[in-house]
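The values are calculated or read from the model by the stated rules, or taken from the named source; none is laboratory data. Fair warning: this is a prediction, and the values are worked out from it, not measured in the lab. FYI the Cβ positions are ideal-geometry reconstructions off the backbone, even for glycines, and counts take in every protein chain you see.
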Amino acid sequence: MADLPKSADVVIIGGGVHGASAAFHFARKKAGRILLIEKKFIASGPTGRSTALVRQFYAMDFFTRSACAAHTIFRNWKDVVGGDGDPGFQKVGLLALAGPERAEHLRRNALRAAELGAGVELISPAEVRALVPAMNVDDLALASYEADSGYADPSSTANALVNRARELGATIVQYRGVDRIRAAGGKVVGVTSEGVDVDAPVVLNCAGLYANRLLAPLGIEVAIKPERHQMCFFRRPAGFGVHPAVADSLLMTYMRPEHGDLTIHGKLSYDEIVDPDAYNEGADADQIVRNAELIAERFPVMEHGLAMGGYSGLYDATPDHHPVLGAIPEYAGLYADFGWSGHGFKHSPFTGDLMSDLILHGKAKDFDLTPFRWTRFRENDLVPSARWAADPHPKHRL
């Protein structure tokens, strides 16, 4: 295990998939002494409990472009990232379902995403039924389909990025907490990790659920709510094979196949706020029952399936359920990449590229991070929903 150095050129706080991605991209760009500090082990937090969908289509241009760039990395991992790691990407396709009241929003959003390069097409309920014969489509009006999307293994993805970063010269320190971000004279001067100072002119806060705790002493107030989300496993009956991932705006659920004959199923929203250091990591019995009812409503054949328990993870939820990205201008050298609120995994391989470019060159490629500044919460200038069938909003074209 690596020792904690006394100084670095860049300190990254947090060993989830976003911190791992940043470490890799800084290292491949030969950005000097890169140090990542993780208080437990890589992917030990929300990353390791992500359902890890890899898709391309959002209702907002920024997220569609970012997701498409990350999707390309997932599909070309060996060429882009290299090393021996494998994110475990599985191309199973992804369906987004809409009823009559949301169909036109889905149509408009999907057509715009396709203009931006997303591999998405619109299909009718009859075409959905032909693709997935076991699905009940009686309430559907329209669906979008991403044939090349799917899911990955979240822990494998984060570890593949970290291991490649290490091979390229980054220092990865695990099982050490960061006590505080040190600043003086309006600029960052480093961090303190379990009582030991590390000097650095740049700190990237990828601490997720704990990011706001590190910023509050500096006068930067961002609300992060640890939202507990529950996912349930169901064994599919004989004859019901692998199916696409499904985002269902009618039942407000999502699901994807898992290895073998399992399907992971969960609800699109939960409102339970918990202590991130002490919460039930299993699935509640009543939620297993409710998820069983919902999956059988969409796939009637699942009445003959078998519930196999489940697990819980946490979202680092901001007030608008979108991330804080970019510079914290009150302190030169301080940057943020946190608060993804449950939709960050799919963007992560590319977000590290954006953030490292911003820090090294002052520009995040041709992406405008202004909408994701931390002060938007104070200014009541929130980012709108970017879900598949979201209502139109001017910021969707950012």
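Some points to look at:
- Residue check, THR72 touching a helix residue (DSSP H, G or I) at 6+ places or on another chain (Cβ under 9 Å) and at pLDDT 95 or above: yes
- Yes/no for PHE26 being in contact with a strand residue (DSSP E or B) (Cβ under 8 Å, 6 or more places away or on another chain), part of a helix (DSSP H, G or I) and more than 26 Å from ALA96 (Cα to Cα): yes
- Selection from the range 231-269 of residues that are at positive phi and touching a residue at least 60 places away in the same chain (Cβ under 8 Å): GLY239
- Considering residues of the range 270-285 that are without any contact (Cβ under 8 Å) to a residue 12 or more places away in the chain and among the hydrophobic types (A, V, I, L, M, F, W, C) only, the residue nearest to VAL92 (Cα to Cα): ALA285
- Residue that is in contact (Cβ under 8 Å) with a residue 60 or more places away in the chain, of a type outside the set (A, V, I, L, M) and buried (at least 17 other Cβ atoms within 10 Å of the Cβ), where the choices are PHE62, PHE41: PHE62
- Residues that are touching a strand residue (DSSP E or B) at 6+ places or on another chain (Cβ under 8 Å) and closer than 24 Å to MET60 by Cα, drawn from the range 110-131: ALA110, LEU111, ALA114, ALA118, GLY119, VAL120, GLU121, LEU122, ILE123, SER124
- The single residue among GLY342, GLY310 that is under 28 Å from ARG180 (Cβ atoms) and surrounded by 16 or more Cβ atoms within 10 Å (Cβ to Cβ) turns out to be GLY342.
- For the range 161-174, filtered to residues that are crowded, with 21+ Cβ neighbours inside 10 Å and under 10 Å from ILE42 (Cβ atoms), the residue that is nearest to the chain's Cα centre (by Cα) is LEU161.
- Number of positions in the range 345-378 that are within 22 Å of GLY15 (Cα to Cα), buried (at least 19 other Cβ atoms within 10 Å of the Cβ) and in contact (Cβ under 8 Å) with a residue 40 or more places away in the chain: 15
- Of PHE234, PHE240, all but one fail to be more than 20 Å from the chain's Cα centre (by Cα) and assigned to a loop (DSSP other than H, G, I, E, B); the exception is PHE240.
- Residues satisfying the stated conditions in the range 282-320, i.e. among the acidic types (Asp, Glu) and under 23 Å from the mean Cα position of the chain (by Cα): ASP316, ASP320
- Residue within the range 243-256 that is farther than 20 Å from LEU140 by Cβ, surrounded by fewer than 22 Cβ atoms within 10 Å (Cβ to Cβ) and either within 22 Å of the chain's Cα centre (by Cα) or in the same structural domain as LEU95 (by TED's automatic domain parsing) (or both) present: no
- Residue count for the range 364-398, restricted to those that are assigned to a loop (DSSP other than H, G, I, E, B) and under 19 Å from LEU106 (Cβ atoms): 10.
- Options PRO201, PRO226; residue that is in contact with a strand residue (DSSP E or B) (Cβ under 6 Å, 6 or more places away or on another chain), not hydrophobic (A, V, I, L, M, F, W, C) and not in a helix (DSSP H, G or I): PRO226
- Counting only residues that are surrounded by fewer than 22 Cβ atoms within 10 Å (Cβ to Cβ), closer than 21 Å to PHE41 by Cα and among the aliphatic types (A, V, I, L, M), the range 176-197 holds 1 of them.
- Selection of first residues in the range 286-297 that are surrounded by fewer than 16 Cβ atoms within 10 Å (Cβ to Cβ) and of second residues that are at pLDDT 95 or above and assigned to a helix (DSSP H, G or I), restricted to Cβ pairs under 8 Å at least 6 apart or on distinct chains, gives an empty result.
- Exactly one residue out of GLY83, GLY119 is touching a helix residue (DSSP H, G or I) at 6+ places or on another chain (Cβ under 9 Å), of a type in the set (Gly, Ala, Ser) and modelled with pLDDT under 95: that is GLY83.
- Cβ-Cβ under 6 Å pairs, at least 6 apart or on other chains, the range 323-342 side more than 13 Å from PHE372 (Cα to Cα) and free of Cβ contacts under 8 Å to residues at least 60 places away in the same chain, far side of a type in the set (S, T, N, Q) and surrounded by fewer than 19 Cβ atoms within 10 Å (Cβ to Cβ): none
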